[in-house]
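Written out below as structure tokens is the structure these notes cover.
The numbers here are math on the coordinates, done by the rules we state, and not lab data. The structure presented is a predicted model; accordingly, all values stated were derived computationally and were not measured. Cβ coordinates were reconstructed from backbone atoms using ideal geometry, including for glycine residues, and neighbour counts include every protein chain displayed.
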Amino acid sequence: MDSGVSNTIRRRVEVLNEAGLHARPAAVLAECARGFEAEVSLELASVPEDMGVAVGTRVDAKSVMDVLFLAAPCGTQIDIEATGTDADAAVDALEALFGKRFGIV
């Protein structure tokens, strides 16, 4: 059996922190994503009204600038997608960050 088989995992999360995905949470998220070999992306699943970025916009989760581009306010739903041998662990780790509000009160 090939232990190098990659898989794709996708999970929806919500931005819970009041200030949204500003610089500090974007940096924490990107640093976490870079800790995995898997390719990790974020895709806007739903956005509050009057937001400048459209549903379906996809960015590289390993890039702080890409994550900032989403300008995702509180309440935005985002799909985390990871492809690779450690995709499960990558999605679990990023989901936990969203759930903990990136450690920001």
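Electrostatic tally near S63: other residues with Cβ closer than 13 Å to its Cβ, Lys and Arg +1, Asp and Glu -1, net -1.
By the helix-only formula, in which each DSSP H run with n ≥ 4 contributes -39500 (n - 2.57) and the sum is divided by residues, the chain has a 222 nm mean residue ellipticity of -9000 deg cm²/dmol. Phi-derived couplings, Karplus 6.51 cos²θ - 1.76 cosθ + 1.60 at θ = phi - 60°, listed residue by residue for the stretch 48-57: x, 4, 6, 9, x, 10, 8, 4, x, 5 Hz, with x used for Gly and Pro. The residues neighbouring A90, those whose beta-carbon lies less than 11 Å from its own, together hold a net charge of -4 under the Lys/Arg +1, Asp/Glu -1 convention. Other residues with beta-carbon under 12 Å from the beta-carbon of R12 carry, at +1 per Lys or Arg and -1 per Asp or Glu, a net charge of -3. Based on C-alpha pairs under 8 angstrom that are at least 6 apart in sequence, the chain has a relative contact order of 44 percent.
Considering all different alpha carbon pairs of the stretch 36-105, the Kirkwood hydrodynamic radius works out to 12.6 Å.
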